[in-house]
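The values are calculated or read from the model by the stated rules, or taken from the named source; none is laboratory data. Quick caveat: nothing in here was measured; it's all calculated off a predicted structure. Cβ: placed from backbone, ideal geometry, glycine included. Neighbour counts: every protein chain shown.
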Amino acid sequence: MVEERIVETPATHTTVVERSGGGGGVAIAIVLLIAVLIGGYFLFVNQSSESAKNNAVTSAAKSVEKTADKAGDAIDANK
């Protein structure tokens, strides 16, 4: 919260304005920025991990498909 105190000196026509306030808003902004950066990092790492899992499953499925095709061809050849 910002507090202002105005002191006027009529003899010299001088006005002094003093403002005092905490830096709480800046501290909160910094903490929020750090939290967003950390959250983004974990999201990126997790997404990369999910992508690797998906690629492994796709590769395994293709391998199974090729093996099934070979087995089917072998069965057709023995008929």
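Inclusion of Val26 among residues that are loosely packed, with under 10 Cβ neighbours inside 10 Å and modelled with pLDDT of 80 or more is warranted. Considering Val45, Val26, the condition of being more than 16 Å from the chain's Cα centre (by Cα) and assigned to a helix (DSSP H, G or I) is satisfied by Val26 alone.
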